[in-house]
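The values are calculated or read from the model by the stated rules, or taken from the named source; none is laboratory data. Predicted model only: the values in this text are computed from it and were never measured. So basically every Cβ, Gly included, is an ideal-geometry build from the backbone, and we count neighbours across all protein chains shown.
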Amino acid sequence: MYAFELKQPKSVNEAVSLLGASESKLLAGGQTLVATMKLRLASPGSLVDLGGIAELRGIRREGDAIRIGATTRHSEVAESAEVRQAIPALADLAGHIGDRQVRNMGTIGGSVANSDPAACYPAGVLGLGATIHTSKRDIAADDFFLGLYETALAPDEIITAVSFPIPKRAAYIKFANPASRFALAGVFVSQGASGVRVAVTGCAGCVFRATAIEQALAADFSADAARSVQVSADGLNSDLHAGAEYRAHLIPVLAGRAVAKALG
């Protein structure tokens, strides 16, 4: 590791002002950034540590939604009685991210901001139609994930919280890489006030909605309906772990399993 300056703001406004400095990066859980720095793929001159900002932590219910602070750890979401009662699928998702160390250090805001193409949280955010709250504005999930490690966030914008509408039913199923626990393919299915949403991670440059499966489930919310949809391999990832055709096959299979799980 090389020398860098560690800055520890006590408020979001202070963090934003520090982020405006050149060569600065935000440090939340550090599960991606620190590894990237060790590999010399990033070399920021300073890190802005968000860990000391109390307003970025915590979980609470707000009407028909669960609001989770950006620096809330994966393990906290997984173990939260509030989340387990309102959106058990989200608690289940958080409880199967990485390993215990990753869950105890990684944060929801860091995962969402990073937009890793195989991360689990983006599937939950898009699959539930969540709202990403930032230091500047509120961004709908459908407008947030733009591409490979690319989001709608401005360079001087910080995620402060994510609000998840409470669905009627939901579930997440992933086919995990046995080493990293990242998703070779992961599907989050929800049915709620806004209809059926199906989000897929691990299969393209970033998380996306499987609209054909959504339409099938809107007509018949059943595992058979989800499995009956044929997904094109065009545009899907193909790598040493799995080909595009295999991922295309997995998507409706996992969607069917998620529906069966949601139905209990």
Qualifying positions in the stretch 73-92 - part of a helix (DSSP H, G or I), of a type outside the set (Gly, Ala, Ser) and under 12 Å from Arg169 (Cα atoms): Gln85, Pro88, Leu90
Breaking point among (1) in contact (Cβ under 8 Å) with a residue 24 or more places away in the chain; (2) out of contact with any Phe, Trp or Tyr (no Cβ under 9 Å at 6 or more places or on another chain); (3) not hydroxyl-bearing (Ser, Thr, Tyr), for Gly63: (1)
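Within the bounds of the stretch 110-133, is there any residue that is part of a helix (DSSP H, G or I) and more than 13 Å from the chain's Cα centre (by Cα)?
First pass over the stretch 110-133, keeping only residues part of a helix (DSSP H, G or I): 110-114, 121-127.
If we keep only those that are more than 13 Å from the chain's Cα centre (by Cα) as well, we get none.
Scanning the stretch 110-133 turns up no residue that is part of a helix (DSSP H, G or I) and more than 13 Å from the chain's Cα centre (by Cα).
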Would a scan of the stretch 212-225 turn up a residue that is closer than 26 Å to Asp143 by Cβ and hydroxyl-bearing (Ser, Thr, Tyr)? no
When (1) closer than 26 Å to Ala130 by Cβ; (2) of a type in the set (S, T, N, Q); (3) in contact (Cβ under 8 Å) with a residue 24 or more places away in the chain are applied to Thr36, the one that fails is (3)
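Looking only at the stretch 21-39, which residues are more than 25 Å from the chain's Cα centre (by Cα) and not aliphatic (A, V, I, L, M)?
Restricting attention to the stretch 21-39, the residues satisfying the condition of being more than 25 Å from the chain's Cα centre (by Cα) are 21-23.
Residues satisfying the conditions are Ser22, Glu23.
Does Ala86 satisfy the criteria of being under 21 Å from Ser115 (Cβ atoms), of a type in the set (Gly, Ala, Ser) and more than 17 Å from the chain's Cα centre (by Cα)? Full working, then the answer.
On the way: under 21 Å from Ser115 (Cβ atoms): no; of a type in the set (Gly, Ala, Ser): yes; more than 17 Å from the chain's Cα centre (by Cα): yes.
So Ala86 fails the test.
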When you go through Ile97, Ile108 one by one, which is the residue that is within 17 Å of Val187 (Cβ to Cβ) and either in contact (Cβ under 8 Å) with a residue 24 or more places away in the chain or not assigned by TED's automatic domain parsing to the domain that holds Thr151 (or both)? Ile97
Return the pair list, or none, for Cβ contacts closer than 8 Å from residues in the stretch 1-16 that are under 24 Å from Leu41 (Cβ atoms) and exposed (fewer than 15 other Cβ atoms within 10 Å of the Cβ) to residues that are charged (D, E, K, R) and modelled with pLDDT of 90 or more, at least 6 apart or on different chains. Leu6/Asp49
Please go through the stretch 66-93 and pick out each residue that is without any contact (Cβ under 8 Å) to a residue 12 or more places away in the chain and among the charged types (D, E, K, R). Arg84
Kindly indicate the residue of the stretch 205-226 that is crowded, with 18+ Cβ neighbours inside 10 Å and touching a Pro at 6+ places or on another chain (Cβ under 7 Å) and also farthest from Val253 (Cα to Cα) among those meeting that condition. Cys206
